[in-house]
Every structure is written in C-alpha cells, then in structure tokens.
Amino acid sequence: MSTLLKLKNLVVGVDGREVVHVEDFSLAKGEVHFLFGPNGAGKSSLLRAIMGLPKYEVKKGSILFEGEDITSKKAYERARMGIALAYQTPPPLQVRFQYVAKLMARKYRSRLDELSGLHLENLLHRKLHNGFSGGESKRAELGIVLLQKPKLAMLDEPDSGVDLDSMELVAGAINKLIKNGCTVLVVSHTGFIAWKMKRIDRASVMIDGRIVYRGKFEEVYEIIAKEGYRRFTT
C-alpha cells in the first residue's frame, strides 16, 4: 500500500515547551493504527499538530500528506484535503447539532443517513456538545467525521467516558470508516474499543512525546495488559 501520511523529524511545541519528538512515523492508505500511551504522553498534541491547530507549533520537521508537504497549511486546508479529527473532549458550540450536520453534509457532498446507526436523532435539535454525556459527545463527533468522508480519521480516545451501549455504536462508526477505505489512527491508553473493531493493522507506543515501540496490535496490547507502560520506561 502507498503512504498516506508521513512525519519526518517532527518536533511540536505548546506554550513554549516541546511536547512531541517523532523522528519517523507513517501510515499507509487504508491502514488502521492504534497509538497507545499513558496520560500526558503527547498523543493528543501529535494529532492536533497533524490537524494544524494553531496552538500546536511545528518547531522542526515536516508533515507529508499524499506526498505533499502540509506543514505550513491551515487546519481548514487540511480538512479540505481529507484529514479529520475527533476530539477527546469536544468543545461545546452555540449552534444546533442539526445545523452543523447539514452544513458538513453539504460541504463534503455526503448524506445525513451517514449518521444512521449512531442513535443521534434525539440530539439533533440540541446545541452541539452542550450538556451531552460522554457517549453522546463521542457519537456526535464520529457522526461529523463520517459526514466529512475523510481519507484520514484521527480519533482521540473514542472509548473514554463511554458506556457499553455507546461503545458498540462508536465501534460501529469506526468500522464504517474502515469499510469505506479510510485510514484510521486511534489514540487510546486502554484499548477497550479495539476488541469491537473489525481490523487493526499495527500499533505504536508513545512515552514522553516519543514513539518508543511499534508492532502488531495484539503484541503491543499484551505487553501493556501484563506490564503496563513501565515496560517502555525502563
């Protein structure tokens, strides 16, 4: 498979502090990849830097997407190229979910029936993420990502704060992305959602902003389940 995303000698700074140092990382087109790591390891910062959010400054290195250097591109330009980010804790918006969904569907020439299966009907009239439970927010975020029809979907802790019923629905949305040929990068420190996903190709572990281990998902998960992250810090 050809490479979709490639990071080269990437250093990311936040508020004057360097939080990510990734020498070499790549994702193939259609790959499903898990990025593990303890809280504060820099996983979310990496995703936000790839998305191009202003606070996350690339101080060194480059981000290549489909062979094009996008390091200096704005977040909206990267979104138009096919990159989507689902936040761990989505910010509340003062607009109704239905309006956002229709806008996204029109912009990306998708259909609102992409939301089917996520049980979002009772949320569409509400302001997006205002008073949503953890599971409702995660399902709404995944719905917006589906409407974007992305080439790369970056999902930040999709199983965090989610009950068992919502876990099934979130996994169903991720499996739909995979079925559609989307490259999926899932950040997690538990990996609970993984066992409901149809396919995972590889996994990596990030510690203190650096990717310190790579391997097959089952291998990496077994190490973490038995030894936690201390295996990678000694």
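Read the figures in this text as sums done on the coordinates, not as results from a lab. Nothing here was measured: the structure is a model prediction, and the numbers come from that model. Backbone-built Cβ (ideal geometry, glycine too); neighbour counts: all protein chains shown.
Taking all Cα-Cα distances within the chain, those exceeding 24 Å account for 42%.
In order along segment 13-29, the phi-based Karplus estimate (6.51 cos²θ - 1.76 cosθ + 1.60, θ = phi - 60°) of 3J(HN,Hα) comes to x, 10, 6, x, 10, 6, 10, 9, 9, 10, 6, 7, 8, 9, 10, 7, 4 Hz; Gly and Pro are listed as x.
Only one residue of Val170, Pro91, Leu64 has its Cα farthest out toward the positive end of the dipole of segment 3-232, where Lys and Arg carry +1 and Asp and Glu -1 on Cβ, and that residue is Leu64. For segment 78-196, the number of Lys pairs with C-alpha atoms closer than 16 Å, counting only pairs eight or more positions apart or on separate chains, is 13. For the chain, the longest principal axis of the C-alpha atoms and the axis of helix 217-227 are separated by about 70°.
Largest GNM mean-square fluctuation across Glu121, Glu18, Glu66, computed for the chain with C-alpha springs under 10 Å, falls on Glu121.
Its Cα centre serving as origin, segment 1-136 has a Cβ charge dipole (Lys and Arg +1, Asp and Glu -1) of approximately 520 debye. Sites listed here are trypsin sites (Lys or Arg not before Pro) in segment 38-78 whose DSSP assignment is loop and whose Cβ has at most 12 other Cβ atoms within 10 Å: Lys55, Lys74.
Under 5 Å from the amide H of Ile211 lie the amide H atoms of Glu23, each residue being 5 or more positions distant or on a separate chain, with H modelled from the backbone and absent for Pro and chain starts.
Taking Cα atoms only, the orientation of helix 164-179 departs from the longest principal axis of the chain by about 80 degrees. If R0 equals 35 Å, the separation of the Cβ atoms of Arg230 and Arg17 corresponds to a calculated FRET efficiency of about 0.90.
When the helices of the chain are scored as -39500 (n - 2.57) per DSSP H run of n ≥ 4 and the total is divided over every residue, the value at 222 nm lands at -9000 deg cm²/dmol.
Checking every one of the trypsin sites (Lys or Arg not before Pro) in segment 155-234 against DSSP loop status and a limit of 14 other Cβ atoms within 10 Å picks out Lys198, Arg199, Lys216. A crude spin-label estimate for the pair Glu57 and Asp113, with each label 7 Å from Cα along the Cβ direction, gives 4.9 nm.
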